[in-house]
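K.L.:
Structure provided below as structure tokens; questions to follow.
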Amino acid sequence: PRVCSDMKVRLAKALILSRVLYGASTLTLKAGDLKKYDSLGRSIWRAMLNIRWQDHVSNERLYEMIGGRWCFSSSDIIRRKTMWLGHAARQGGIARAVIGGLPAGTRRGPGRPRLRWVDNISSWSGLPSVELVEASIQHVEIKPKINVHHQYNLRSRGLRRVLSYEET
């Protein structure tokens with residue numbers, strides 16, 4: 001029996017994306033991780049539409065075929081992380097202390113500082129971590145300072161995705 005595309009989307013969201021997004025709001029993500037999440041969303045669509053790699057369908061053509069209905073993208077993770085920040089900041093206690101950084105009296109080890117969870121949100125929103133926590137406590141919606149646009153490098157051997165950020 002043939003399954004319509006709307007049912008395939010609902011099944012993908014229920015079975016695949018719920019597993020992928022589980023715990024993603026608590027991860028510290030780098031730019032490469034976000035690119036991998038975006039490519040996963042595209043590969044899910046390609047599988048649902050029965051597009052093989054031999055068909056040479058570009059990402060722009062795929063976007064036109066699905067009418068802009070992405071199942072999954074890195075913006076979903078960004079939205080979930082900001083929602084979790086608000087929840088943790090309003091809870092207070094140890095969650096708010098962890099978001100704020102190292103506890104008093106501890107020393108950072110030698111070497112380059114590791115990327116912290118709150119550093120992701122502060123780089124996306126353009127606000128320091130102290131202002132993020134205060135805005136979260138006051139139920140202010142934290143909007144990303146950057147818009148992710150999809151540009152493609154057509155001169156390379158294949159289509160390679162480049163993230164470009166635009167100030168809002």
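K.L.:
Looking at segment 73-92, can you tell me whether even one residue there is in contact with an Asp or Glu (Cβ under 7 Å, 6 or more places away or on another chain) and either of a type in the set (D, E, K, R) or under 30 Å from Gly126 (Cα atoms) (or both)?
P.N.:
Step one: of segment 73-92, the residues in contact with an Asp or Glu (Cβ under 7 Å, 6 or more places away or on another chain) are 73-74.
Okay, now just the ones that are also either of a type in the set (D, E, K, R) or under 30 Å from Gly126 (Cα atoms) (or both), so 73-74.
Within segment 73-92, one or more residues are in contact with an Asp or Glu (Cβ under 7 Å, 6 or more places away or on another chain) and either of a type in the set (D, E, K, R) or under 30 Å from Gly126 (Cα atoms) (or both).
K.L.:
On to the next question. Is there a residue in segment 79-93 that is open to solvent by less than 40 Å² (accessible area, probe 1.4 Å), touching a residue at least 24 places away in the same chain (Cβ under 8 Å), touching a helix residue (DSSP H, G or I) at 6+ places or on another chain (Cβ under 7 Å) and among the basic types (Lys, Arg)?
P.N.:
Yes, because at least one residue in segment 79-93 is open to solvent by less than 40 Å² (accessible area, probe 1.4 Å), touching a residue at least 24 places away in the same chain (Cβ under 8 Å), touching a helix residue (DSSP H, G or I) at 6+ places or on another chain (Cβ under 7 Å) and among the basic types (Lys, Arg).
K.L.:
Mind listing whichever residues of segment 88-125 are at positive phi, in a loop (DSSP other than H, G, I, E, B) and either at pLDDT below 85 or of a type in the set (A, V, I, L, M, F, W, C) (or both)?
P.N.:
Of all residues in segment 88-125, those at positive phi come to 92-93, 101, 105, 111.
When the remaining residues are screened for being in a loop (DSSP other than H, G, I, E, B), the result is 92, 101, 105, 111.
Gly92, Gly101, Gly105, listed by residue number.
K.L.:
Just name the residue that is surrounded by the most Cβ atoms within 10 Å (Cβ to Cβ) out of those in segment 18-38 that are of a type outside the set (A, V, I, L, M) and in contact (Cβ under 8 Å) with a residue 40 or more places away in the chain.
P.N.:
If we filter segment 18-38 for residues that are of a type outside the set (A, V, I, L, M), which is where we start, we get 18-19, 22-23, 25-26, 28, 30, 32-33, 35-38.
Filter once more, so that each one left must be in contact (Cβ under 8 Å) with a residue 40 or more places away in the chain: 25-26, 28, 30, 35, 37-38.
On the way: Ser25: 19, Thr26: 11, Thr28: 13, Lys30: 11, Lys35: 14, Tyr37: 19, Asp38: 21.
Result: Asp38.
K.L.:
Which residues, taken from segment 43-62, are open to solvent by 30 Å² or more (accessible area, probe 1.4 Å), within 22 Å of the chain's Cα centre (by Cα) and either under 18 Å from Cys4 (Cβ atoms) or without any contact (Cβ under 8 Å) to a residue 40 or more places away in the chain (or both)?
P.N.:
Ser43, Arg46, Ala47
The values are calculated or read from the model by the stated rules, or taken from the named source; none is laboratory data. This one's a predicted model, so the numbers in the text were calculated from it and none came from an experiment. So basically every Cβ, Gly included, is an ideal-geometry build from the backbone, and we count neighbours across all protein chains shown. Heads up: the accessible areas ignore ligands, DNA and RNA and are worked out on the full protein's heavy atoms, side chains in. Shrake-Rupley method; radii C 1.70, N 1.55, O 1.52, S 1.80 Å.
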